[in-house]
Amino acid sequence: MTLSVTKTEYFIDITGDVCPLTFVKTKLLLERMPVGAIATVRLKGVQPLDNVPRSVKAHGHEVVSLVPEAEVGGATVDPRLPHILTVKRR
């Protein structure tokens, strides 16, 4: 896990983790952030791509965006490749 924190920016890389640790680590990051702060979460895999955004919303936070880090050939999104989830703490 890679964690980076500055005054205005929060980042966590959970591409090497599996569920349920993906959301647990994301939740721990959100709990350390002030209300209104934005976090960037780098994740990959079918379960994390489904579970983390859903769980973030269920805990009352806002999913700002979820986009592939890089699209392969401009075709369909591949869950095996990293995605970037942007979350706002509520």
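The values are calculated or read from the model by the stated rules, or taken from the named source; none is laboratory data. Bear in mind the structure is a predicted one, so any value in this text is a computation, not a measurement. For neighbour counting, all protein chains shown are included, and Cβ atoms are generated from backbone atoms with ideal geometry for every residue, glycine included.
Observations on the structure shown:
- Hits in region 58-73 - residues which are within 16 Å of Arg90 (Cα to Cα) and surrounded by 12 or more Cβ atoms within 10 Å (Cβ to Cβ): His59, His61, Glu62, Val63, Val64
- Hey, His83 at pLDDT below 95 and either polar (S, T, N, Q) or touching a strand residue (DSSP E or B) at 6+ places or on another chain (Cβ under 9 Å) (or both) or not: yes
- Residues in region 20-37 that are in a helix (DSSP H, G or I) and out of contact with any Phe, Trp or Tyr (no Cβ under 9 Å at 6 or more places or on another chain): Leu21, Thr22, Phe23, Val24, Lys25, Thr26, Lys27, Leu28, Glu31.
- Among the residues of region 1-14, those identified as within 10 Å of the chain's Cα centre (by Cα) and either modelled with pLDDT under 95 or in a strand (DSSP E or B) (or both) are Phe11, Ile12, Asp13.
- Note on region 61-79: residues that are modelled with pLDDT under 85 and not polar (S, T, N, Q) total 9.
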